[in-house]
C-alpha cells in the first residue's frame with residue numbers, strides 16, 4: 001500500500017497525518033487494516049516490542 005500524498009510505501013511514509021488518514025479510511029465497512037492496540041498505529045508503522053494486533057474496520061450502518 002502506498003501513501004496517497006508522498007507516494008511511498010506506508011513503512012517509509014513521513015507524512016505527519018498518515019495514521020489519522022488510515023484510521024479514517026477504516027471507518028468504511030469495506031476496508032479493514034491490521035492495527036496495533038498498544039501504540040494505536042497501522043502495523044507497518046508499529047515499533048512496539050510486544051504488539052497487540054487486531055483488524056480495524058467500520059461496520060455497515062443500518063438503514064435509517
Open item on the list: Taking 8 Å as the Cα distance limit and 6 or more residues as the minimum spacing, I'd like the relative contact order of the chain as a percentage.
Closed with: 29
TODO: Please give the residues of the stretch 36-57, grouped as numeric ranges, whose backbone N is less than 20 Å from a label point set 7 Å along the Cα-to-Cβ vector of residue 12.
DONE: 42-47
Open item on the list: Counting just the Cα atoms, what span does the stretch 10-56 cover along each of its three principal axes? Round to the nearest Å and put the largest first.
Closed with: 30, 23, 12
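No lab work stands behind these numbers, since they all come straight from the coordinates. Bear in mind that the values here come from a model prediction, so they are computed numbers and not experimental data. Quick reminder, even Gly has a Cβ in these numbers, built from the backbone with ideal geometry, and neighbours come from all protein chains shown.
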